[in-house]
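What follows draws every value from the coordinates through simple rules; no lab data is involved. Everything quoted here is computed from the prediction, not taken from an experiment. Cβ placement follows ideal geometry from the backbone for every residue including glycine, while neighbour counts extend to all protein chains displayed.
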Amino acid sequence: TLFRSDYESQILAVTGGGGGGAVYAAPAPVSEAVPQGESIDVPKAAEPAKKKVEKATADVKLVKYPAEVKIKLIKELRTVTNLPLKDAKDAIDKAPGLVQTNMSKEDAEKLKTLFEGLGAEVELL
């Protein structure tokens, strides 16, 4: 087919292939001579960026709190987590330590904000 061979010859002409003559690549010029015994630093290909997996849950660690806000902390913990009174009290009493584990990220941020508003020191893990 005439159309196809004409098309193929155009592609080959554009890409530098075919055309009846040999195509040679000229060597790249060396800009600096490297003294004997030294090596040339060749830049490495960019390493693929490691994707940091963002967790959907967080652990809330109560580091310390003023003694006068203990009852308020228990109330706020119960409000956010729906824990029974005894469990919430035990969690606050064992500070410094984890108050709640595997909370949704949103609830953990909310609890952290509430606790810090009362003067407590909180970490999200």
Modelled label-to-label distance, E106 and L124, 7 Å Cα→beta-carbon offset: nm? 1.3 nm
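Expressed in nm to one decimal, what extension gain is obtained for the pair K64 and I11 from 0.36 nm per residue of sequence separation less their Cα-Cα distance?
Once the chain is fully extended between K64 and I11, it gains 11.8 nm.
What order do you get for 108-114, 67-73 when each peptide is scored by the mean count of other beta carbon atoms within 10 Å, highest first? Write down the numbers at each step before the final one.
Details: 108-114: 17.7, 67-73: 14.3.
Those peptides, ordered most packed to least, come out 108-114, 67-73.
Report the FRET efficiency, 1/(1 + (r/R0)^6), for D93 and A56, where r is their Cβ-Cβ distance and R0 is 30 Å, rounded to 0.05.
Details: r = 29 Å, r/R0 = 0.95.
Computed FRET efficiency for D93 and A56: 0.55.
Can you pick out the pairs among K72/K94; K72/K105; K64/K105; K55/K86 whose Cα atoms lie more than 18 Å from each other? Before the final figure, lay out each step's value.
Values: K72/K94 16 Å; K72/K105 22 Å; K64/K105 21 Å; K55/K86 29 Å.
Cα-Cα > 18 Å for K72/K105; K64/K105; K55/K86; rest within.
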